[in-house]
Amino acid sequence: AATRAGALEALQENTWVYLAYHGKQDPAQPYSSHFVMRDEYLALLGIMEEDILHGEFPFLSTCHTPIGDEETSNEVIHLAAGLQFSGFKSVVGTLWEVDETVAKHVVEAFYKYTR
């Protein structure tokens, strides 16, 4: 479900997770960066506070997931890094707004070669 609770449940219960939501980076308050869900935002800090015990790999097909603060590039805090801080071993995220048609091809090619 594209709800905050549904996304948190998916992150906690699955080893691989595919997230296709809108993402919003907050350069002034990086921990407030968030995924836009159907009911409310899922903020980076909220994810980091959860116990992600089984997480291995999230594929983030969302806008601006690994873009951090340009002024403090050595201290990057963004949505993709936040998932690694939460316990995921590897993360793939997009640097730009993702067109659904292009994302479909990228994801298909990615999973074809990783299984």
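The values are calculated or read from the model by the stated rules, or taken from the named source; none is laboratory data. Since the structure is predicted, the reported quantities are computational estimates derived from the model, not experimental observations. Note that each Cβ is placed from the backbone with ideal geometry, even for glycine, and that neighbours are counted across all protein chains shown. The protein model used for the area step is the full one, side chains on, heavy atoms only, and it has no ligands, DNA or RNA in it. Shrake-Rupley method; radii C 1.70, N 1.55, O 1.52, S 1.80 Å.
Tabulated data
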quantity: ³J(HN,Hα) computed for each position of region 29-36 - Karplus, 6.51 cos²θ - 1.76 cosθ + 1.60, integer Hz, glycine/proline x; calculated: 10, x, 6, 8, 4, 7, 9, 8
quantity: For the chain, calculated [θ]222 nm from helices alone, where every DSSP H run of n ≥ 4 adds -39500 (n - 2.57); calculated: -9000 deg cm²/dmol
quantity: Solvent-accessible area per residue for the chain (1.4 angstrom probe, square angstrom); calculated: 61
quantity: Modelled FRET efficiency - R0 22 Å, Val107 with Tyr41, Cβ distances, 0.05 increments; calculated: 0.40
quantity: Share of pairwise Cα separations in the chain, more than 17 Å, in percent; calculated: 52
quantity: Accessible-area composition of the chain, carbon plus sulfur, in percent [1.4 Å probe]; calculated: 51
quantity: For Tyr18, residues with placed amide H under 5 Å, excluding near neighbours; calculated: Phe59
quantity: Inter-site label distance for Tyr18 and Ser32 at 7 Å from Cα along Cβ, in nm; calculated: 3.3
quantity: Fraction of beta bridges assigned by DSSP in the chain that are antiparallel (%, nearest 5); calculated: 50
quantity: Extension gain, Glu100 back to Gln84 (0.36 nm per residue minus Cα-Cα distance, nm); calculated: 3.3 nm
quantity: Share of Cα-Cα pairs in region 1-64 lying beyond 13 Å, as whole percent; calculated: 61
quantity: Most to least accessible of Thr114, Thr101, Thr3 (protein chains only, probe 1.4 Å); calculated: Thr101, Thr114, Thr3
